[in-house]
There are 2 protein chains.
Amino acid sequence: MDAETLGALARLVRKERVASLGTLRQGAPFVSLVAFLPQDDFGAFHLRVSRLAWHTQDMAREARVSLAIAETDDGRTDPQTLMRVALRCEARPLEGGAAELERLKRAWLARFPASAVTFELADFAFWRLAVRDARFVAGLGRTHNLAPADLAAAARL
Amino acid sequence: MDAETLGALARLVRKERVASLGTLRQGAPFVSLVAFLPQDDFGAFHLRVSRLAWHTQDMAREARVSLAIAETDDGRTDPQTLMRVALRCEARPLEGGAAELERLKRAWLARFPASAVTFELADFAFWRLAVRDARFVAGLGRTHNLAPADLAAAARL
């Protein structure tokens, strides 16, 4: 993929902070809105979710999820030209040491200060969505299938 | 549900024009961006999609889909307060007479004028997503499970 396309992908991932999470619920897809924090190399995306939420219950049963990050609709004539990337991921509760958790907590609170209360609540935890592959629509008729290596290349830009 | 909440739902559905569509792909959820047109009573949502697209192939295999409409991220401190509704639907290619198709085509083109080209292409068709139920997040801690009757009540406001 050319540098311009990779650059557009990197800007999209870095600009947006909410995404649509597709989980499996009773054999059918279910889509919910989540706040996310990308890993520096775009190899994984972190969520902070309550175990009481539907999507968390779903991820606990079926780890394969889809996380779609889309450019904000700016009212342009043709919304089909909006840039978006659908990541297919494996979701797991974060398994990290205290240092990693502390680093992630700091980064999360810098991005989502209103989320501080979730660190006082026992039902909230970080989940890590490891990227298996992705489908990037850079514009009308500009669809690219991406491997984690492509995402890593975008993250280096 | 109170009139204020129903009114907020109606405004959300009428204001947005793109949604996240969750389909089932190889046993896992896949999320893509679609343009949509709600039926006047919010009982169904129409899409215009190509049979070459992944989501169309998915819907042809598994009719149960999820359509999530979210308020545009306006950069507020807490994105968890963004309003969103996740509709669970049954998707079918539109089966209507010529009059219904013509009416829908006019409404679609008024909303998405750049989509005119899709009426020249043989691979595009309307799909109708009939709503089974919905989950409406009106704000932080304000989640409502909705039946089609609730959506119809919102549509009357």
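Readers should treat all values here as calculations from the given coordinates under stated rules, not as data from a laboratory. If you're wondering where the values come from, they're calculated on a predicted model, not measured in any experiment. Cβ sites come from the backbone with ideal geometry, for glycine too, and all protein chains shown count toward neighbours.
Taking the Cα-to-Cβ direction at B:R156 and at A:A110 and moving 7 Å from each Cα, how far apart do the two end points lie in nm?
Placing both labels 7 Å beyond Cα along the Cβ direction yields 5.2 nm.
Taking just the alpha carbons, could you work out the radius of gyration and Dmax for the protein assembly as shown, both in angstroms?
Cα-based Rg and Dmax for the protein assembly as shown come out at 19.1, 64 Å.
Using the Karplus equation 6.51 cos²θ - 1.76 cosθ + 1.60 (θ = phi - 60°), what ³J(HN,Hα) coupling, rounded to whole Hz, does each residue of the range A:132-148 give in order, writing x for Gly and Pro?
Using θ = phi - 60°, the values come out as 8, 6, 8, 10, 10, 9, 7, x, 4, x, 10, 9, 10, 8, 10, 9, x Hz.
Would you please give the FRET efficiency between B:A98 and B:A60, computed as 1/(1 + (r/R0)^6) with r the Cβ-Cβ distance and R0 = 25 Å, to the nearest 0.05?
After rounding, the FRET efficiency stands at 0.60.
Hey, got the average number of other protein chain Cβ atoms within 10 angstrom for residues in A:19-26? Before the final figure, lay out the partial values.
Values: counts 3, 12, 5, 13, 5, 5, 6, 2.
Taking the mean over all residues of the peptide, I get 6.
Straight-line reach from A:K105: which lysines have a Cα under 19 Å away, not including same-chain ones fewer than 8 places off?
Within reach: none.
Relative contact order for the range B:3-155: what percent, with Cα pairs under 8 Å and sequence separation of 6 or more?
29 percent
Can you compute log10 of I(q)/I(0) for chain A with the Debye formula, treating each Cα as one identical point scatterer, at q = 0.17 Å⁻¹?
Calculated log10 I(q)/I(0) at the listed q: -1.03.
Suppose we keep just the DSSP beta bridges with both residues in chain B; what percent of those would be antiparallel, to 5? Before the final figure, lay out the partial values.
Numbers: 41 of 41 bridges.
If I count the DSSP bridges inside chain B, around 100 percent turn out antiparallel.
What does the structure give for A:134-140 when I average, per residue, the other chain Cβ atoms found within 10 Å of the residue Cβ?
Rounded to a whole number, the mean comes out at 1.
Considering all alpha-carbon pairs of the range A:75-157, what whole percent are spaced by more than 17 angstrom?
Values: 2204 of 3403 pairs.
Tail fraction, whole percent: 65.
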